[in-house]
Amino acid sequence: MTGGSIVEERDYTLIIDKSGSMSINDQPGGKTRWDAAQESTMALARKCEQIDPDGITVYLFSGRFRRYDNVTSDKVTQVYQENEPMGRTDLASVLQDALASYLERKAAGETKPNGETILVITDGEPDDRKAVMRVIIEASRKIDRDEELAISLIQVGGDRKATEFLKALDDQLESAGAKFDIVDTVTIDDMEEMTLAEVLLNAIID
């Protein structure tokens with residue numbers, strides 16, 4: 001598959017962790033995890049708007065979440081100015097909202113022909129691992145084909161518990177009852193020398 005065809009005719013949703021630990025300064029070039037996330041959001045928004053001028057959907061989450069629709073590169077700075085890292089990592093609720101939104105649009109015939117990719121940037125283990133798995137498994141049972149929905153979870157920072165959670169998610173979903181394996185994870189060990197922005201752009205072309 002060529003890089004062009006998959007990115008076109010597909011929707012992109014980006015879910016960014018804004019829990020307190022995102023303010024930790026451990027990224028290349030002396031940046032915080034939050035700075036790296038903003039840089040990556042900008043790179044993804046630029047890439048996607050070349051193909052789809054509507055922009056992308058962006059969620060920021062900690063204990064609660066906020067959703068921003070039609071985010072183009074000129075709106076990214078504003079989104080980050082309105083949020084700051086604090087709080088917990090309630091990944092299940094925000095993922096539930098993003099997946100429900102996709103399934104509602106699908107039922108209404110409003111999704112793109114190639115479906116949707118949901119990219120999650122997170123730096124910690126979620127508050128409720130089981131709830132995250134449950135939400136993904138339920139969504140996998142409501143889609144018709146494997147390629148239609150992809151969830152990529154990308155780790156920022158070196159928290160071993162986060163790495164372990166992502167590996168478990170990648171390995172256990174199908175045995176836990178998922179109809180399709182719709183999850184792909186990128187741990188800190190997989191990133192090698194790539195920046196978060198590069199990993200994000202890879203995930204949409206892959």
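Derivation of every value follows stated rules applied to the coordinates shown; laboratory data play no part. On a predicted model such as this, the values are computed, not experimentally measured, just so you know. Cβ atoms come from the backbone with ideal geometry, glycine included; neighbour counts cover every protein chain shown.
Labels on offer are [x] 137; [y] 125; [z] 110, and the one holding volume of the Cα convex hull per residue in Å³ computed from this structure is [z]. In order along the stretch 131-144, the Karplus-derived 3J(HN,Hα) couplings, from 6.51 cos²θ - 1.76 cosθ + 1.60 at θ = phi - 60°, round to 5, 4, 4, 4, 4, 5, 4, 4, 5, 5, 7, 9, 10, 9 Hz, and Gly and Pro are given as x. Here Lys18 is the anchor, and the lysines within straight C-alpha reach of less than 27 Å, apart from those fewer than 8 places off in the same chain, are Lys31, Lys47, Lys75, Lys130, Lys161, Lys167.
Taking 0.36 nm per residue of sequence separation and removing the Cα-Cα distance, the Thr77/Arg129 pair yields an extension gain of 15.6 nm. Remark: spin-label model distance Glu164-Asp181 equals 2.3 nm, labels positioned 7 Å along the Cα→Cβ axis. Extension gain, Arg67 to Met86: 0.36 nm times the residue separation minus the Cα-Cα distance gives 5.2 nm. Add -39500 (n - 2.57) for each DSSP H run of 4 or more in the chain, then divide by its residues: what number comes out at 222 nm, to the nearest 500 deg cm²/dmol? Result for the chain, helices only: -12500 deg cm²/dmol. Give the calculated FRET efficiency between Glu193 and Gln50 to the nearest 0.05, with a Förster radius of 30 Å applied to their Cβ-Cβ distance. My answer for the efficiency is 0.70.
When each of Lys167, Lys106 is scored by the number of other beta-carbon atoms lying within 10 Å, the sequence from fewest to most is Lys167, Lys106.
Where both bridge residues fall in the chain, DSSP classifies roughly 20% of the beta bridges as antiparallel.
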